[in-house]
Every structure is written in structure tokens, then in C-alpha cells.
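The values are calculated or read from the model by the stated rules, or taken from the named source; none is laboratory data. Small disclaimer: the values here were computed from a predicted structure and weren't measured. Cβ placement follows ideal geometry from the backbone for every residue including glycine, while neighbour counts extend to all protein chains displayed.
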Amino acid sequence: MQSETGVSMTYNERGLSECVAQILIAFLVILVTLLIIGAMTGVIPGLLQKTAFIVVTATPYQTGDETHVILLYHKQGDKVNLNGTSQTDGVSEIAIMLTPPSGSPVLVRPGTTIKSTAWGPGQYLVIYETPPGTYLYSDLPTVDMEILKSDDYTVQIIDTKVNVLLHTLPVKIP
């Protein structure tokens, strides 16, 4: 078809010229590549959240005649904040659940002796029962402790930032 000026024109029924279509495809490929690289290297936070890496042992500890507590030892890995505290220098926040012989898990709440710094390698935490409930402390009990019954317990450590179960640790209290 010829225009009024005498120039021959061809019509493209696809709506875009082939040059523009190729430019858009190249732009999309570059954009997707940058997003993937950014997510994998951590430049773009939030796309791939990192869980805390911690190695923890849980053992029964006898504090007196027929009285036991559960001792958690942070062997190595990241510093973590304990759920329900004002700690901020850890890489993530963890919650600790204790499943007693009754089978219903209980959230272990931080006690009054928890330090203001994150829980890190080489540090202990102690789980024991007091009259108001099951608590987590930085030191061994002195008074007002109830006896953890002789039975099988399960300690679960959960990364609450990304909702991932980090450890399930069985503990047998003799």
C-alpha cells in the first residue's frame, strides 16, 4: 500500500515491530538473570531468607536428689536471639518447645536470668519448671524448682523468623 507521499508501507498485524519485540525479550532475560543472581547472593533481602545454623545438645542434669533439669549447650554456629527477649545481636530468633511425657508441647519462656546478648557458641541454657510454668534460664536453679519427672522429653528448636524446625532433641531423664 502506498501513502499519500508515495512511500510504500507494509502493515504488521502483530502490533509490535520485530525489533521492539527482540529488545523486550532481551530486557526480560537480563532482568530475570539479575533477580536470580541477587536472590542467590543475598543482595536482595527477603527473597531467600537464611535460617540460623546452630549445633545444640540437650542432656539431663542432676541438681540434687531426684531433681533434674535439661541442659542445652550451644556447641557451634550462629548467635541467635531467644523468642520473647529484647536480644537483637543474633542472626535470627528461635523458640524452644518442650514436649513432656503428656505429649502436648509447651513453649519454654525465657526466665529472669537470660542475658541481654544473643545465645552463642559455648553458652548454656537450662530448662526447668517453676511454680508458674516451664522456663529457660542462663544458670542452674537455686530454689522454687519443681521436679522434671523421670521420663522421655523432646526439645524442639524452631527458627521463628522463617518458621523452620532446626532441631528435635530427645532427652531421657533417669
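Tell me, yes or no, whether the range 140-154 has at least one residue that is at pLDDT 90 or above, touching a Ser or Thr at 6+ places or on another chain (Cβ under 7 Å) and crowded, with 18+ Cβ neighbours inside 10 Å.
Within the range 140-154, the first condition is being at pLDDT 90 or above, and the residues that meet it are 152-154.
Remaining after also requiring touching a Ser or Thr at 6+ places or on another chain (Cβ under 7 Å): 153-154.
Those left that are additionally crowded, with 18+ Cβ neighbours inside 10 Å: 153.
Within the range 140-154, one or more residues are at pLDDT 90 or above, touching a Ser or Thr at 6+ places or on another chain (Cβ under 7 Å) and crowded, with 18+ Cβ neighbours inside 10 Å.
Going by what's in this entry, would SER86 be described as within 20 Å of the chain's Cα centre (by Cα) and surrounded by fewer than 16 Cβ atoms within 10 Å (Cβ to Cβ)? Talk me through it step by step, then tell me what you get.
Working: within 20 Å of the chain's Cα centre (by Cα): yes; surrounded by fewer than 16 Cβ atoms within 10 Å (Cβ to Cβ): yes.
Answer is yes for this residue.
Inside the range 83-125, can you point out the residues that are in contact with a His (Cβ under 8 Å, 6 or more places away or on another chain) and small (Gly, Ala, Ser)?
Going through the range 83-125, the residues in contact with a His (Cβ under 8 Å, 6 or more places away or on another chain) turn out to be 119-125.
Once the filter is applied, which keeps residues that are in contact with a His (Cβ under 8 Å, 6 or more places away or on another chain) and small (Gly, Ala, Ser), the range 83-125 yields GLY120, GLY122.
Within the range 39-70, how many residues turn out to be within 21 Å of the chain's Cα centre (by Cα) and either outside any loop (DSSP other than H, G, I, E, B) or free of Cβ contacts under 8 Å to residues at least 40 places away in the same chain (or both)?
Qualifying residue count, the range 39-70: 16.
Restricting attention to the range 89-110, and to residues there that are more than 19 Å from LYS50 (Cα to Cα) and among the small types (Gly, Ala, Ser), which single residue is surrounded by the most Cβ atoms within 10 Å (Cβ to Cβ)? Write out each step before concluding.
Of the range 89-110, the ones more than 19 Å from LYS50 (Cα to Cα) are 97-110.
Now restrict to residues that are among the small types (Gly, Ala, Ser): 102-104.
Details: SER102: 9, GLY103: 7, SER104: 6.
Looking at the filtered set, the residue picked out is SER102.
Would you confirm, using the coordinates I've provided, whether THR67 is surrounded by fewer than 18 Cβ atoms within 10 Å (Cβ to Cβ), under 22 Å from ASP152 (Cβ atoms) and assigned by TED's automatic domain parsing to the domain that holds ASN163?
The answer is yes for THR67.
With GLY64, GLY122, GLY133 as the choices, which residue is modelled with pLDDT of 90 or more and among the small types (Gly, Ala, Ser)?
Values: GLY64 fails: modelled with pLDDT of 90 or more; GLY133 fails: modelled with pLDDT of 90 or more.
Going through GLY64, GLY122, GLY133 in turn, the sole match is GLY122.
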